Amino acid sequence: MSRINPYIESYVPKDYGGVDTSGCVLDCSLGVNCQPIPSDVLRTLSAMASEPDIIKQYPHREDVDAENCRHLRALYRDIAPRLRDENFWFGDGSFDLLCNLNLLYGNPGVKIMGTAPQFTAYVDNVHCIGVPFAAYPLNREKNYLFEADAFCEMVLRERPALICCENPNNPTGQGVGFAGLRKIVEAAGRVNAAVVFDEAYGDYLPRSESAIPLIFEGEEQGVDVFVTRTFSKGFGMAGIRMGYVMGPAAAVAQLKKLVTPFNCNSPARLLVCSLLRNHPDFQERLSAGVREVNVRLYDAIRQMKNARREPKYHIAETSLCTPICTLYVDDGGVDLCRALAEAGLAAVSCATYENMGRNAVRVMLCENVDLLIELLEKAKV
């Protein structure tokens with residue numbers, strides 16, 4: 001047998017991409033926006049049938065990349081007016097770019113730091129490139145609250161080469177807050193670390209809570225600060241696999257060397273361009289609607305009681321404007337994902353997240369919140 005890297009051979013991935021939703025009447029598992037795709041985006045997709053070269057040729061539409069950069073710069077002009085085209089690069093979803101950032105800073109003998117829990121596929125990638133992962137644990141006794149000061153203390157102890165902090169966190173949905181983000185950049189500067197703020201769900205956050213302005217504050221302090229975002233979540237285009245990174249121009253130029261040639265396919269670039277061109281306010285409409293639904297959902301969950309008249313579920317620390325949350329029960333022996341599936345609700349088990357167990361699930365907000373509440377009440381837990 002050929003010699004496979006023994007670490008890879010023995011490693012068991014924790015990704016949740018293969019969620020079984022068969023038999024469930026409501027799917028709240030993977031992070032898909034329940035809102036409809038704008039009709040002009042679908043018209044752009046239909047028009048591609050008359051241009052076979054879009055499919056036949058390798059992606060090389062520099063004009064489309066330039067237009068997408070222009071739209072994104074306009075989108076963030078109020079919080080980051082210094083953004084230029086050279087501060088952006090595109091990838092096959094934001095995860096593609098996160099993996100390449102791991103390679104850019106994950107040299108032999110260093111470590112990468114994040115949280116527990118955190119997006120499982122990201123943690124898998126760190127392990128699989130052979131770099132130790134130092135995880136700041138969100139404390140269940142504090143309802144999984146992220147505490148920036150404690151996180152920064154761990155940064156100073158661990159001295160990582162790269163810090164990856166989710167804003168908002170996956171699976172809890174809680175944002176860090178701008179003051180906390182700034183503290184993390186300051187701590188990174190003290191240990192000569194780079195920072196990536198993974199804002200996969202960042203389109204739902206208030207603009208004042210995004211890390212994007214810190215790209216330039218970090219640059220002034222000698223810290224490489226990146227922000228990754230995706231069109232999969234808030235923009236509702238998970239199937240086209242396109243994301244982007246923003247960072248210091250000099251560091252982005254180095255990152256481009258690692259990104260796979262011809263990645264981020266032509267149809268994705270064109271569909272994103274159509275969305276940004278025709279719906280510049282798309283992002284602004286997201287968080288208000290989510291907040292309204294979440295208030296109703298969380299109030300209903302808190303009123304649910306189990307047979308002992310205790311809270312049926314706990315809601316881990318979260319942000320009202322984000323469309324994901326973590327629900328958990330006190331009994332660690334309960335397979336909550338299975339119990340919800342038996343009631344007809346598909347969710348993501350938190351058994352694969354570090355520092356969590358099978359008594360917790362991640363739930364994605366859906367269009368039919370009444371049915372969601374009904375199924376949560378129906379589940380036997």
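Listed values, structure above:
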read-out: Protection-proxy order for peptides 187-193, 4-10, 239-245, each taking the mean of Cβ atoms within 10 Å per residue, highest first; value: 239-245, 187-193, 4-10
read-out: Residues whose placed amide H lies under 5 Å from that of residue 139, excluding near-sequence neighbours; value: 144, 145
read-out: Residue 370/residue 128 FRET efficiency (R0 45 Å; Cβ-Cβ; nearest 0.05); value: 0.60
read-out: Of the trypsin sites (Lys or Arg not before Pro) in the stretch 79-152, those whose Cβ has at most 13 other Cβ within 10 Å and which sit in DSSP loop; value: 82, 84
read-out: Cβ-Cβ FRET estimate between residue 377 and residue 140, R0 fixed at 22 Å, reported to 0.05; value: 0.40
read-out: Distant-in-sequence amide H partners of residue 230 (H built 1.01 Å from N, under 5 Å); value: 244
read-out: Sparsely packed trypsin sites (Lys or Arg not before Pro) within the stretch 302-346, loop by DSSP, other Cβ within 10 Å at most 10; value: 308, 309
read-out: Only Lys, Arg (+1) and Asp, Glu (-1) charged, at Cβ; the stretch 26-71 dipole about Cα centre in debye; value: 100 debye
read-out: Sorted peptide list for 340-350, 24-34, 281-291, 44-54, criterion being average Cβ within 10 angstrom, highest first; value: 340-350, 24-34, 281-291, 44-54
read-out: Solvent exposure ordering (accessible area, 1.4 Å, most first) of 314, 60; value: 60, 314
read-out: FRET efficiency estimate (nearest 0.05) - Cβ-Cβ, residue 58 to residue 331, R0 41 angstrom; value: 0.15
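The values are calculated or read from the model by the stated rules, or taken from the named source; none is laboratory data. Keep in mind the model is a prediction, meaning the values are calculated, not measured. FYI the Cβ positions are ideal-geometry reconstructions off the backbone, even for glycines, and counts take in every protein chain you see. In case anyone asks, the SASA skips ligands and DNA or RNA and just uses the protein heavy atoms, side chains included. Shrake-Rupley method; radii C 1.70, N 1.55, O 1.52, S 1.80 Å.
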